[in-house]
Amino acid sequence: MKILVTGFEPFGGDGINPSREVITRLPAQLGDIRIFTGCLPVAYGEAESELMALLRRHKPDGVLSLGVAAGRCAPELERVALNLDDASMADNRGVVRSGDPVSPGGPAAYFTTLPLERIRSAFRERGIPLFVSLSAGAFLCNHIFYLLMEYANRSCPPLMAGFMHLPALPEQGCESRQRPTMSLSLQIEAVTLTLEAMGTGGA
């Protein structure tokens, strides 16, 4: 089985992004799973082009996209991708999108096709916190999540795919009591567990 894992470059003034740090440390092989990785730019058009190029290049059986959501205390799997770009924050090229569709004419939302319950069970057995979220926001994370699920639903058979938000790293929380963090080693373990659950088959 081949699984593509994507992360994002730093943005918003941070010099580090946990999703990029995680993907650069994943093994190329995990049991029977071959792992391919790619880092997406935090720029609407460029991120879309890079994602599609990675999908065409690797032709994966499953895709896990990662991003950071500072303020969340544990990894969170996103259940719903919305057809909406609506963020006050500019991307790394200075572009702001307000009330624009991700994919004009597309459905209002897509649901993840990841095996959420199997992944949650794996986390519980290992004693690692994991939550399921109903909102990936309306910035680049949701943008890529929606495009990924649009691609997944058009694939035949439909592709196993979804999005996971990661917490900030400890070095990103030094200046604020209100910014929960999780160590990089634990984040890598969490992503590894998710990939293993994706590779066991079934939904």
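Some notes on this structure:
- Residue match in region 159-176 (condition: over 14 Å from the mean Cα position of the chain (by Cα), loosely packed, with under 15 Cβ neighbours inside 10 Å and touching a residue at least 12 places away in the same chain (Cβ under 8 Å)): yes
- Conditions (1) of a type outside the set (Phe, Trp, Tyr); (2) surrounded by fewer than 20 Cβ atoms within 10 Å (Cβ to Cβ); (3) part of a loop (DSSP other than H, G, I, E, B); (4) modelled with pLDDT of 95 or more; number of the one not met by Ala136: (2)
- Search result, residues across region 104-133 that are among the polar types (S, T, N, Q) and either farther than 21 Å from Met52 by Cβ or in a helix (DSSP H, G or I) (or both): Ser121, Ser133
- Residue, nearest to the chain's Cα centre (by Cα), within region 46-88, restricted to residues that are without any contact (Cβ under 8 Å) to a residue 40 or more places away in the chain and either closer than 29 Å to Gln29 by Cα or in a helix (DSSP H, G or I) (or both): Glu50
- Candidates Val42, Val95 - the one that is more than 18 Å from Met164 (Cα to Cα) and not in a strand (DSSP E or B): Val95
This table checks each residue for (1) surrounded by 17 or more Cβ atoms within 10 Å (Cβ to Cβ); (2) closer than 18 Å to Ile188 by Cα; (3) charged (D, E, K, R); (4) at pLDDT below 95.
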| residue | (1), (2), (3), (4) |
| --- | --- |
| Ala90 | no, no, no, no |
| Gly106 | no, no, no, no |
| Glu117 | no, no, yes, no |
| Phe145 | yes, no, no, no |
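- With respect to (1) farther than 19 Å from Leu64 by Cα; (2) not in a helix (DSSP H, G or I), the lone exception for His165 is condition (1).
- Residue within region 13-24 that is of a type in the set (Lys, Arg), in a loop (DSSP other than H, G, I, E, B) and either under 17 Å from Gly199 (Cβ atoms) or in contact with a strand residue (DSSP E or B) (Cβ under 7 Å, 6 or more places away or on another chain) (or both) present: no
- Within the set Ser133, Ser98, Ser121, the sole residue that is over 20 Å from the mean Cα position of the chain (by Cα) and hydroxyl-bearing (Ser, Thr, Tyr) turns out to be Ser98.
- All of Gly45, Gly71, Gly94, Gly127 fail the test of being of a type outside the set (Asp, Glu), loosely packed, with under 13 Cβ neighbours inside 10 Å and modelled with pLDDT under 95, apart from Gly71.
The values are calculated or read from the model by the stated rules, or taken from the named source; none is laboratory data. Everything numeric in this text was worked out from a predicted model, so none of it was measured. Cβ sites come from the backbone with ideal geometry, for glycine too, and all protein chains shown count toward neighbours.
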